[in-house]
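K.L.:
Supplied in structure tokens, the structure appears directly below.
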Amino acid sequence: MNRRSALPDTVLLGLPKAGTTTLHACLTRPGRFVERVCCAGVKSKEPGIFYPWDNTYSVWPTVAQGKKYDRLLDFTPNYLSWAHASIKPMRAAFGAQRRRVHFVVLLREPVDRAFSEYCMFARDATSVLAALRTQRACEGLRNLKRFCQVPRRFSCTRRSCMDDMGLLRDSTYRSAGKGLFYDDFNAAAQAIGARFPGAVTSSGRVNRSALAWLVWPNAQKEPVVQVVRDLAAMVMPWRDAACGAGWGQDDVHDHMNFTHIIARELAAMSRCAPPPHKALTMSVAQLEETVRSCFALKRFQYASESVPVFQLALFLKSFPPSTTVRWSFLRFEDLYAGRRTDCDCSLSEGVFALHSRESSCARRDPSSDLARRERLASSRAPARQYRNHTMAPSFDRIKLERAFAPWYDALLRLVARTSKESKVVPIGMDSLA
């Protein structure tokens, strides 16, 4: 944690893919609830103040700059699932000095949350394009940089593209020592040959150079979208067709469908950790050991991030509700109900601890121009969707709901117990109190 950074008074602990970005945009709208709230914008949403590593992407005020704000919101959504890394700096910041802090937890039905994150990170057509762009650049095109888009820090030169994407096969990029889809194109050779005659050699291997010319016919700038989609479906048959375009970063779960990924993760969690209901009665030392041993998460742990039972129990033991520590629990399904939140005034009580009459939105004439503009803004579609809602997912929902059930039940029991002890009713979760 950077000592020069201002400490937030409101910290969202999780969960990712539970509507945190939309909620942050709602709460930081200037003058909506609090006149001076920090800080609007995507770059200020996730400063990662309580991570043990530096965050060079986000913009966050210093201690001196923070004094001009009434509220400072840190909406980094991974603090809860990454409790092994975040809880120690939080104890140092809030525990010893008895600073006031408000923890917010935004929950979501675990299967839907995990699938949304899976769609965000699973390899997709963008990854196929990257492989073909690199291949195409080796064919002597004049505009080399247009087609050669080598990931990360690598320079785009003819040398880097030779030897069948040799740089991408290098161990510095792929620990397995294989190129991007080096084997997957050839595994799909029969299907590719049937769909694109001439794209497979006489030895049965895919000629990706020929495919690249089909994707960018006549060296045109933009790829042919349908060809790319068809190739992606052949090269990645394990990927759920209900996923839209994402970031394509998850190469850990290649060749596994979503049902297999979640079932395997939950089985590993059950082997390592005690039964989830034990989290309600474990001591701080026991919880710390469990979190350290079983939930020191790596990236792309979709099941663990959906039901962080032991992590939440550790946070609640470390920061029990008191005069200086406040907890609020919200639920995705009730906040959004199939559409974006309209930022109604009830959120001022839930997140900012303001009574309705204190909130600036309560004093606003509902027929005013500003109110009408806000209603229009709240009705717009989200900026980006990683899920293709026109197609039904192919995973086994019933199987996954049953597998998640004991974990999600323990999570909700923790929420209900905390709400009862602190005499706070979770927003949208009245049935749990």
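K.L.:
Which percent of the accessible area of region 200-276 is formed by carbon and sulfur heavy atoms (probe 1.4 angstrom)?
P.N.:
55 percent
K.L.:
Under a crude label model (7 Å from the Cα following the beta-carbon direction), how far is ARG271 from ALA405 in nanometres?
P.N.:
With each label point 7 Å from Cα toward Cβ, the separation is 2.4 nm.
K.L.:
I've got another one for you. Using 0.36 nm per residue, how much length does the chain from ASP70 to LYS278 gain when fully extended, once their Cα-Cα distance is taken away?
P.N.:
Gain on extension, ASP70 to LYS278, equals 70.9 nm.
K.L.:
Compute the separation of the alpha-carbon centres of region 383-420 and region 286-329 and state it in Å as a whole number.
P.N.:
17 Å
K.L.:
While we're looking at this one, here's another question. Taking the highest mean first, how do the peptides 206-215, 11-20, 265-274 order by number of other beta carbon atoms within 10 angstrom per residue?
P.N.:
Ranking, from highest mean packing down: 11-20, 206-215, 265-274.
K.L.:
Determine the relative contact order of region 251-317: mean sequence separation of Cα pairs under 8 Å and six or more apart, normalised by residue count, in whole percent.
P.N.:
Value for region 251-317: 42 percent.
K.L.:
Say R0 is 25 Å: what FRET efficiency, to the nearest 0.05, do SER203 and MET256 get from their beta-carbon distance?
P.N.:
Computed FRET efficiency for SER203 and MET256 comes out at 0.30.
K.L.:
Between HIS389 and ARG36, what FRET efficiency comes out of the Förster formula 1/(1 + (r/R0)^6) with R0 = 45 Å and r the beta carbon distance, rounded to 0.05?
P.N.:
0.75
K.L.:
Report the full-extension gain for the segment ARG195 to ALA416: residue separation times 0.36 nm, less the Cα-Cα distance, to one decimal in nm.
P.N.:
Stretched out fully, the ARG195 to ALA416 stretch lengthens by 74.1 nm.
K.L.:
If you put +1 on each Lys and Arg Cβ and -1 on each Asp and Glu Cβ, how big is the dipole of region 56-133 around its Cα centre, in Debye rounded to 20?
P.N.:
520 debye
K.L.:
Can you tally the net charge around ASN78? Count Lys and Arg as +1, Asp and Glu as -1, for every other residue whose Cβ sits under 9 Å from the Cβ of ASN78.
P.N.:
Its environment carries a net charge of -2.
The values are calculated or read from the model by the stated rules, or taken from the named source; none is laboratory data. In this text, all values refer to a predicted model and were calculated from it rather than measured experimentally. Note that we place each Cβ from the backbone using ideal geometry, even for glycine, and neighbour counts take in every protein chain shown. All accessible areas refer to the heavy atoms of the entire protein, side chains included, with ligands and DNA or RNA removed. Shrake-Rupley method; radii C 1.70, N 1.55, O 1.52, S 1.80 Å.
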